[in-house]
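Just so you know, all these numbers are worked out from the coordinates, no wet-lab data involved. Since we're looking at a predicted model, the values are computed, not measured. All Cβ positions, even for glycine, are placed from backbone atoms using ideal geometry, and neighbour counts span all protein chains on display.
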Amino acid sequence: AQSVTQLDSQVPVFEEAPVELRCNYSSSVSVYLFWYVQYPNQGLQLLLKYLSGSTLVESINGFEAEFNKSQTSFHLRKPSVHISDTAEYFCAVTTSGGYQKVTFGIGTKLQVIP
Amino acid sequence: DAGVTQSPTHLIKTRGQQVTLRCSPISGHKSVSWYQQVLGQGPQFIFQYYEKEERGRGNFPDRFSARQFPNYSSELNVNALLLGDSALYLCASSLDGDRNNSPLHFGNGTRLTVT
């Protein structure tokens, strides 16, 4: 079975400052890793994904995440945040076998302060 | 193209009642999954349906059931509602339900309140 730990439930950060949202996973088999973002009263939107290959993956709006197999981590970073980045961010994992079950972390609320 | 659509958006039910939630996947997507998101938590997997067959079931009681229709739309049924069933129910579709690296596309959810 796989699991995801998001170490910070809330992260306040000033506008234009850098941010890192932490995520660690546990699995005995190969994994696929995702970050989803949820805006108030909406469903989840895929932000970026690691499937294989380059360990550094990027989104179209400036976020990036790095897969670190030895540390079982997939931290999300952005060098300069904007007010519009205020949302809840979920790290998620699934494995290469079995059925399509995605396990989510409890989420990190990013609050960007003007 | 339309995204994943769910209906209704909000629902209020009384304990013991039954509820049916509906989901239409993105056109061309054959896999539909259901997740429950309790306030303050991440989504929890309930079911995956692919090509009209149940492929997986999460740790939920038998009061929860689902089905997928020939047009790939899906319904989630919950019987004998409990207060603890109050949550946002999310439907997600994916292009290929046989490939676990196929990303999920979520609807905006149905907010169920049980009183």
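What is the mean number of Cβ atoms from other protein chains located within 10 Å of the Cβ atom of each residue in peptide A:39-47, rounded to a whole number? All intermediate terms of the calculation are to be shown ahead of the outcome.
Values: counts 1, 0, 5, 5, 16, 12, 3, 4, 0.
Partner Cβ neighbours, averaged per residue: 5.
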By the rule of no other cysteine beta carbon under 4.7 Å, the lone cysteines of the protein assembly as shown are none
For chain A, set up a Gaussian network in which alpha carbons nearer than 10 Å are linked by springs, and say which option among A:ASN61, A:ASN24, A:ASN41 fluctuates the most. A:ASN41
Rounded to the nearest Å, what's the spacing between the alpha carbon centres of the stretch B:77-107 and the stretch A:65-110? Just the number, please. 19 Å
Under 5 Å, built H, 5+ apart or other chain: amide partners of B:ALA66: B:ASN77
When the Karplus curve 6.51 cos²θ - 1.76 cosθ + 1.60 is applied with θ = phi - 60°, which whole-Hz ³J(HN,Hα) does each residue of the stretch A:87-95 get, with x for Gly and Pro? 4, 9, 10, 10, 8, 9, 9, 9, 10
Mind giving me the nanometre distance, one decimal, between the label points for B:ALA2 and B:THR115, set 7 Å out from Cα along Cα→Cβ? 3.0 nm
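Within the stretch A:3-113, what percent of beta bridges assigned by DSSP are antiparallel, to the nearest 5? All intermediate terms of the calculation are to be shown ahead of the outcome.
Details: 34 of 39 bridges.
Among the beta bridges of the stretch A:3-113, antiparallel pairing accounts for roughly 85 percent.
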Based on Cα positions only, what radius of gyration and what Dmax would you give for the protein assembly as shown, in angstroms? 17.5, 51
Pick out which of A:THR103, A:THR72, A:THR86 has the largest mean-square fluctuation in a Gaussian network model of chain A, springs linking Cα atoms closer than 10 Å. A:THR72
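If you count, for every residue in A:53-61, the Cβ atoms of partner chains within 10 Å of its Cβ, what is the mean?
Values: counts 0, 0, 0, 0, 0, 0, 0, 0, 0.
Going residue by residue through A:53-61 and averaging, the value is 0.
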Search the structure for amide H atoms under 5 Å from the amide H of A:VAL11, placed 1.01 Å from N in the peptide plane, and list their residues when 5 or more places away or on another chain. A:LYS109, A:LEU110, A:GLN111
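How about the stretch B:1-33: which trypsin sites (Lys or Arg not before Pro) there lie in a loop by DSSP and see at most 15 other Cβ atoms within 10 Å?
Numbers: sites: B:LYS13, B:ARG15, B:ARG22, B:LYS30; in loops: B:ARG15, B:LYS30.
Filter output for the stretch B:1-33: B:ARG15.
Please compute, for peptide A:24-37, the average count of beta-carbon atoms on other protein chains lying within 10 Å of each residue's beta-carbon.
Details: counts 0, 0, 0, 0, 0, 0, 1, 2, 5, 1, 3, 0, 5, 0.
Whole-number average of other-chain Cβ neighbours for A:24-37 is 1.
Any of A:LYS78/A:LYS101; A:LYS49/A:LYS78; A:LYS49/A:LYS101; B:LYS13/B:LYS52; A:LYS69/B:LYS30 with alpha carbons more than 20 Å apart? Name them for me.
On the way: A:LYS78/A:LYS101 28 Å; A:LYS49/A:LYS78 15 Å; A:LYS49/A:LYS101 15 Å; B:LYS13/B:LYS52 28 Å; A:LYS69/B:LYS30 32 Å.
Among A:LYS78/A:LYS101; A:LYS49/A:LYS78; A:LYS49/A:LYS101; B:LYS13/B:LYS52; A:LYS69/B:LYS30, the Cα-Cα distance tops 20 Å for A:LYS78/A:LYS101; B:LYS13/B:LYS52; A:LYS69/B:LYS30.
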